[in-house]
Amino acid sequence: MNHTFTYCPHCATPLALITMAEDGGDKERLRCPACGYTHWNNPTPVLAAVIEYDGQILLARNAAWPGKMYALITGFMEAGETPQEGITREIAEETSLTTDALNLIGVYDFKRMNQVIIAYHAVCHGEVRLSPELVDYRLYAPEAVKCWPAGTGYALADWLTSRGYTPSFVEFPKRD
């Protein structure tokens, strides 16, 4: 369970794992024993884009990432915007590109981060200028791009499959 709260945001009492009856049966959640607050810990929606730029796929590298990992453009929705508006904004903020067409690829779980990924295919144009949070980008021919075995990597694989390509996946070294 991915806990983001330690103390009750209402009364500052330490939260405790307490089992209570809910719709669907008993559920253990972080709850405040003093005021009854429940930390639901619901997944956060994250937006992602397979960007098609000049017939190639644009992947970018985040400044905070170790190594040479490149991935899809992603970001969080802002209050009051639709997922389509949100990913269009994220693409513009992170790459300076204009989105000409946007189509839903699918929705993917990313349990490790307690997120639900809403992935789109975006056809974009303009001059790539990266935001400070990104340090590099690369363009890949669809038949040459490698997918990764996690949420956005599965979205990329599904998009490639929908276009008639057979996706191949990066193999990560096994951890002990």
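Bear in mind that the values in this text are calculations on the coordinates, not laboratory data. Not measured: the values here are computed from a predicted model. Positions of Cβ are backbone-derived with ideal geometry, glycine not excepted, and every protein chain shown enters the neighbour counts.
A few remarks follow.
- Qualifying trypsin sites (Lys or Arg not before Pro) for the range 82-132 [loop in DSSP, other Cβ within 10 Å: at most 16]: 129
- Residues 160, 97, 17, sorted so that the one with the fewest Cβ neighbours within 10 Å comes first: 17, 160, 97
- Å³ per residue enclosed by the Cα convex hull of the chain: 175 Å³
- Cα long-axis angle, helix 151-162 against the chain (0 to 90 degrees, to the nearest 10): 40 degrees
- Across the chain, the longest piece that holds none of the GluC sites (Glu not before Pro) lying in DSSP loops with up to 16 other C-beta atoms within 10 Å covers 1-77.
- 0 to 90° range, to nearest 10: angle between helix 83-95 axis and the chain longest Cα axis: 60 degrees
- Sparse-neighbourhood loop sites, chymotrypsin sites (Phe, Trp or Tyr not before Pro) in the range 75-176 - DSSP loop, at most 10 other Cβ within 10 angstrom: none
- Calculated [222 nm] ellipticity per residue, helices only, for the chain: -4500 deg cm²/dmol; basis is -39500 (n - 2.57) per DSSP H run with n ≥ 4, divided by all residues, nearest 500.
- Charge sum, other residues only, whose C-beta stays under 14 Å from residue 139's C-beta, Lys/Arg counted +1 and Asp/Glu -1: -2
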